[in-house]
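Heads up: the structure comes next, in structure tokens.
Quick note: the coordinates plus some simple rules give every number you see, no bench work behind them. This one's a predicted model, so the numbers in the text were calculated from it and none came from an experiment. Quick reminder, even Gly has a Cβ in these numbers, built from the backbone with ideal geometry, and neighbours come from all protein chains shown.
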Amino acid sequence: MFRKILIANRSEIALRVIRAAKELGISTVAIYSTEDKNSMHVELADEAICVGPALAAESYLNLSNVAQAIANSGCDAVHPGYGFLSENPTFVNICKDLGVTFIGPDDKTMSNLADKAKVKSILNKFDIPTVPGSDGSIEDIDTLKKTAADIGYPVLLKASWGGGGKGMRIVRNEEDLVREFNAAKMEAKVSFGKDDIYLEKFIEHPRHIEVQVLGDLYGNVVHIGERDCTLQRRHQKLLEESPSGVLSEEKRRKLHETAVLATKALGYQNAGTLEFLFDGENFYFIEINTRIQVEHPVSEMAYGVDLIKEQIAIASKEQLSLKQEDIKLKFHTMECRINAEDPDRFYPSPGMINKLFIPGGPGVRVDSAVYCGMNVSPSYDSLIAKLIVKGSDREEARLRMLRCLNEFVIEGVKTSIPFFQRILTTKDFVSNTYDTNFIDKKFLNKS
């Protein structure tokens, strides 16, 4: 097991890793920007090192500064959290050169799996269902037009690298295809530094379901069930739950088996997530995330597994402590991502938190680094808390989530709490009959 872990991240995910490491008897090192000098993750780590000014590009994303912090800290492992450098193969190589272990996949695996089109091509050879589309990135307009015509409109243009909806365009007819292709390439280039675009059939009313997996260095792979991530705004997840209420037991078993097979086929190690679209009858693989995810507590509470501790154990060359038959679903769980933003316009709402009450009670977990008197910076993502609840079934979890949202008080900044209060009482959510277009159509008036 490691002696000291540096967490190359900030806010609630840095705090989450610090707590898991301390429970394993491992000392911790936080990094921080000048903007974050009074942050909770800085306070609770055993050591803290400043890596630059507020701008993320000059601090948390500054490879030179972060590498110097690693060298100065004397750590023997680095946990990247999610976002920032968590899926950067160059950073993995830097850790290797410094003689410290990166808690995640190796640089080669990360590079290979970052290319979504390439991953899809690999899995097709193993008869793993993927969304019909191009075989890899599209290089020319003739291929673009032919592929779109072959699979039929509407189609979806997607960036081969990156995520978060960047470089993604829905095209419903041939007249718009070339224009949207060029626009997607431009956005992908700006967002990810690469303009590779591939094409898929656009599934009109899907559910978005992902499977949490763990793989060790010895070829052992297990799944920790599925999370339903269908509730999204502009391709950004808002609320997740486990298990999905739209899968039969037969479909669920097949989905889990497919995820494990795909993980082995890709040679993946550590914690990862395989994402699928489900059209009511069939599911289709769309991508793999090579990191821990924002919504990992949903699986942790549903199955009673500490995914961060498992990550650390795998990286320290231990075999998986879990066997598939020992991983049992215990609860229905939900997570709401509480953002500092205007709940009507979805604009960020930075500022000083001057009043705070965090809900509690049975079956409640709040992952957050906020405190009264804290300044919510405009320099970073607006996520300030994750509210996670568990219940004996979906309805108990829903009502518990509503109770907690009603208790949650954050003043000084606007938050997305009122938005979730509205969502959880809609007929579509209560009956679990919505799809990925629900928020955009019902709340953003998008066609």
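For this structure, a couple of remarks:
- Separation of alpha-carbon centers, region 366-441 and region 126-203, rounded to whole Å: 32 Å
- Given charges at Cβ of Lys, Arg, Asp, Glu: the chain dipole, positive-most of Ala188, Val246, Thr273: Val246
- Three semi-axes of the equivalent ellipsoid, region 4-103, Cα gyration tensor, whole Å, largest first: 17, 17, 11
- Among Asp107, Asp140, Asp196, residue whose mean-square fluctuation peaks in a GNM of the chain (springs only between Cα atoms under 10 Å): Asp140
- Sorted by Cβ neighbour density within 10 Å, fewest at the top, the residues Ile197, Ile138: Ile138, Ile197
- Values of log10 I(q)/I(0) for region 212-351 across q = 0.12, 0.16, 0.18 Å⁻¹ run -0.51, -0.86, -1.05, by the Debye formula with one identical scatterer at each alpha carbon and no solvent.
- Rounded to the nearest 20, the size of the Cβ-charge dipole of the chain about its Cα centre is 520 debye, with Lys and Arg at +1 and Asp and Glu at -1.
- Mean separation of Cα contacts under 8 Å, 6 or more apart, over the residue count of the chain: relative contact order %: 13 percent
- Qualifying trypsin sites (Lys or Arg not before Pro) in region 89-140, DSSP loop, other Cβ atoms within 10 Å at most 13: Lys125
- Those trypsin sites (Lys or Arg not before Pro) in region 130-217 that DSSP places in a loop and that have at most 16 other beta carbons within 10 Å: Lys166, Arg172
- Charging the Cβ of each Asp and Glu at -1 and of each Lys and Arg at +1, and nothing else, the dipole of region 207-442 about its Cα centre rounds to 380 debye.
- Qualifying trypsin sites (Lys or Arg not before Pro) for region 290-377 [loop in DSSP, other Cβ within 10 Å: at most 13]: Lys317, Lys323, Lys328, Lys330, Arg345
- Relative to the Cα centre, the charge distribution of region 4-103, modelled as +1 at Lys and Arg Cβ and -1 at Asp and Glu Cβ, gives a dipole magnitude of about 140 debye.
- Computed 3J(HN,Hα) for region 128-136, one whole-Hz value per residue from the Karplus formula 6.51 cos²θ - 1.76 cosθ + 1.60 where θ = phi - 60°, is 8, x, 10, 5, x, x, 6, 8, x, glycine and proline marked x.
- Note on region 231-274 and region 23-48: Cα centroid distance 32 Å, given to the nearest whole angstrom.
- Checked against a 31 Å cut-off, the cross-linked pairs Lys330/Lys427; Lys22/Lys189; Lys145/Lys441; Lys237/Lys330; Lys125/Lys251 give Cα-Cα distances beyond that limit for Lys22/Lys189.
- For region 165-170, putting each phi into the Karplus relation 6.51 cos²θ - 1.76 cosθ + 1.60 with θ = phi - 60° gives couplings of x, 6, x, 10, 9, 8 Hz, in residue order, rounded to whole numbers and with x for Gly and Pro.
- Among Leu24, Gln311, Val413 the positive-end extreme of the charge dipole of the chain (Cβ point charges): Val413
- Phi to ³J(HN,Hα) by Karplus 6.51 cos²θ - 1.76 cosθ + 1.60 over region 173-179, Hz, x for Gly, Pro: 7, 5, 4, 8, 4, 5, 4
- With the helix formula -39500 (n - 2.57) applied to DSSP H stretches of n ≥ 4, the chain reaches a computed 222 nm mean residue ellipticity of -10000 deg cm²/dmol.
- As a ratio to 2.2 N^0.38 Å, the alpha-carbon radius of gyration for region 370-447 is 1.28.
- Residues whose amide H lies under 5 Å from that of Glu226, counting only those 5 or more places away or on a different chain, are Ser244; hydrogens are built 1.01 Å from N in the peptide plane.
- Likely footprinting exposure, Asp344, Asp279, fewest C-beta neighbours within 10 Å first: Asp344, Asp279
- For Leu329 and Asn437, the FRET efficiency from 1/(1 + (r/R0)^6), where r spans their Cβ atoms and R0 equals 30 Å, is about 0.60.
- Here region 327-428 has an Rg and Dmax of 14.1, 42 Å, counting Cα atoms alone.
- Over 35 Å [Cα-Cα, the chain], rounded percent: 28 percent
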